[in-house]
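The values are calculated or read from the model by the stated rules, or taken from the named source; none is laboratory data. All values derive from a computational prediction rather than experimental measurement. Reconstructed Cβ throughout: ideal geometry from the backbone, glycine too, with neighbour counts over all protein chains shown. These accessible areas exclude ligands, DNA and RNA; they are computed on the full protein's heavy atoms, side chains included. Shrake-Rupley method; radii C 1.70, N 1.55, O 1.52, S 1.80 Å.
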Amino acid sequence: MKTGQKSLDTRLVHPPDSQGEGRLLGAVAPPVFLTSTFVFDSAEQGGARFAGQEPGYVYSRLANPTVGLLEQAVADAEGAQSGLAFASGMAAISSVLVQLLRSGDHVLVSRGVYGGTFALLELLTEKFGIHHTFAHLTDENAVLQAWQEQTRLIYVETPVNPTMELVDIAACARVAHEHGALLVVDNTFATPVLQRPLELGADVVIHSATKYLGGHGDVILGLAAGTTEWMSQIRLNALKDFGGITSPFDAWMVLRGMKTLAVRVRRHTESAHEIAIRLQKHPQVAEVYYPGLPDFPQRALYRQQMHGGGGMVSFVIRGGAETGVQFMDRLELCERAVSLGEVHTLVEHPTSMTHAGVPPEIREEMGISAGLIRISVGLEDVEDIWADLEQALKSST
Ligand code: LCS
């Protein structure tokens, strides 16, 4: 937090509004500008706006006031100069990567990313000759060892989905910058409440706002934040021309979600921590992956870059995939569903669901075993969540 700046909790409730557009007629909640285009007072004015000689709206694929409020909100939450909103987390990731990379470049990737990101990286390799390799980027040496001559960008998730391994953000930023490269961090799992990648040296931060930022399981949206220079380039090229923009209504939903982000993330974290501790003691559970646990293998890194373990817990059930499927089918309160970071507790099986498209040998290298179950701990009473998990674990012995 900068001196004199209000705390993140306060800023999430009162996000910046540089043009006063969120307070029209004194409305406490911002208007949803459901308009595709904007009228010019004169042809000359239209021409001046197209030429960038006069500020003002032109067309909602280029900019929209409601979407703009969300872009300001994410920039403020992440401590960035500017933000951008996209149709989905994948639209954000693909637009950022296409803008920052060119044919022949190499991308160094955390050992484990969301299945959709994995598929996108494969597509970039096959169609555009942008290569990538995965590595455990857990300290500076590991990053240096994995570095290649053509590496232009490091792309990481941390905690990694779904193994919860941490990537050393500051070390990645140092090595990338020493080589004139960039670091992009997908901060979906941790959120700016628990981790601030830009302050640790990252150049661009990305969110699937479908998850914690939206928070209620009712919207798909992606966000990016970074310097005004990078964000303007992405807006004027990848976002405008590929057209993966979000709707003003969806932007409004995420703006509303972000107001309660800090409170929700704290409660998600508290409950997930408790669930992780109880799972560790359960005889049906072989291993628990949760960064907030006192015996988490990367405890020092956790303390260095995170302010809480977050709401995601993964565990390995004894008996492999078959027991895992039985466990999932017996859940009564927790929902069998992919996605994460919302009010409902969601349970999924990465091998057959989110990471089914990742070849088995790579899945294995990523630490995704057949018995791995991922829980997105929701906002229900933790005792009710545990009672459901426990009864499902008991009957799957
Ligand atoms: N980044 C991360 C870390 C994700 O987990 C996801 C989606 C995305 C990006 C893509 O965002 P979207 O386009 O869906 O807004 N993760 C999902 C998951 O784990 N289950 O279902 C979707």
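A few comments on the model shown:
- In segment 8-258, the portion of solvent-accessible area held by carbon and sulfur atoms comes to 54 percent [1.4 Å probe, whole percent, DNA, RNA and ligands not counted].
- Residues of segment 240-397: accessible area per residue with a 1.4 Å probe, Å²: 43 Å²
- Partners for Lys211 among lysines (Cα-Cα distance below 18 Å; same-chain residues under 8 apart left out): Lys259
- Its Cα centre serving as origin, the chain has a Cβ charge dipole (Lys and Arg +1, Asp and Glu -1) of approximately 440 debye.
- Accessible area of Trp252 in the full protein assembly, 1.4 Å probe (Å², nearest 10): 50 Å²
- Using the average count of surrounding beta-carbon atoms within 10 Å as a protection proxy, the listed peptides 36-43, 353-360, 215-222, 241-248 rank, highest first, as 215-222, 241-248, 353-360, 36-43.
- Segment 262-395 - percent of accessible surface contributed by carbon and sulfur, probe 1.4 Å: 52 percent
- With respect to the chain, whose longest principal axis is taken over its alpha-carbon atoms, helix 248-259 is tilted by about 60°.
- Which of Glu54, Glu287 is most accessible, then next, and so on - probe 1.4 Å: Glu287, Glu54
- Over segment 262-395, all Cα pairs binned in 5 Å intervals from 0 give whole-percent P(r) values of 2, 11, 20, 24, 21, 15, 6, 1, listed from short to long.
- Cα centroid of segment 344-380 to Cα centroid of segment 139-218, whole Å: 20 Å
- Nearest-10 value in Å² for the accessible area of Leu379, using the 1.4 Å probe: 50 Å²
- Whether segment 8-258 is rounded, prolate or oblate, judged on the alpha carbon gyration tensor where a/c under 1.5 counts as rounded: prolate
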